[in-house]
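Trainee: Structure incoming, see below.
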């Protein structure tokens with residue numbers, strides 16, 4: 001794996017509490033799964049950095065190797081891979097996502 005790509009991933013994850021590697025941008029998601037995770041994060045009211053993996057094939061492949069996770073989107077919270085769309089959606093529905101964010105000290109705008 002290209003060290004430059006690894007450094008970029010680590011920098012994104014280290015410098016942002018919540019990072020979503022996705023197809024498209026938070027304003028204009030390019031797939032339904034990315035749109036669903038953006039919707040969940042927006043509903044919870046958490047600030048996050050969206051990274052468009054469609055702009056860089058090296059980043060897209062590097063992330064698959066870095067995370068050992070083959071699909072996108074990929075959500076990272078405080079440097080830890082949470083998972084993709086199905087996992088994030090399930091965690092949201094059970095309340096686990098808000099609990100995780102609270103445990104990690106990440107502010108949300110969600111009202112219970």
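Just so you know, all these numbers are worked out from the coordinates, no wet-lab data involved. Computed from a prediction, not measured in an experiment: that's the story for all the values here. So basically every Cβ, Gly included, is an ideal-geometry build from the backbone, and we count neighbours across all protein chains shown.
Trainee: May I ask you to verify whether residue 88 is closer than 21 Å to residue 13 by Cβ, in contact with a helix residue (DSSP H, G or I) (Cβ under 6 Å, 6 or more places away or on another chain) and either touching a residue at least 60 places away in the same chain (Cβ under 8 Å) or surrounded by 18 or more Cβ atoms within 10 Å (Cβ to Cβ) (or both)?
Mentor: yes
Trainee: Considering the range 1-32 alone, what residues qualify as being assigned to a helix (DSSP H, G or I), free of Cβ contacts under 8 Å to residues at least 60 places away in the same chain and crowded, with 19+ Cβ neighbours inside 10 Å?
Mentor: Scanning the range 1-32 gives a single hit, 9.
Trainee: Working carefully through the options 105, 109, 79, 95, find the one that is in contact with a helix residue (DSSP H, G or I) (Cβ under 8 Å, 6 or more places away or on another chain) and at positive phi. Walk me through how you get there before you give the answer.
Mentor: Working: 105 fails: in contact with a helix residue (DSSP H, G or I) (Cβ under 8 Å, 6 or more places away or on another chain); 109 fails: at positive phi; 95 fails: in contact with a helix residue (DSSP H, G or I) (Cβ under 8 Å, 6 or more places away or on another chain).
Step by step, each of 105, 109, 79, 95 is checked, and only 79 is in contact with a helix residue (DSSP H, G or I) (Cβ under 8 Å, 6 or more places away or on another chain) and at positive phi.
Trainee: If you go through the range 48-64, how many residues are in contact with a helix residue (DSSP H, G or I) (Cβ under 9 Å, 6 or more places away or on another chain) and surrounded by fewer than 18 Cβ atoms within 10 Å (Cβ to Cβ)?
Mentor: Going through the range 48-64 one residue at a time, the tally reaches 6.
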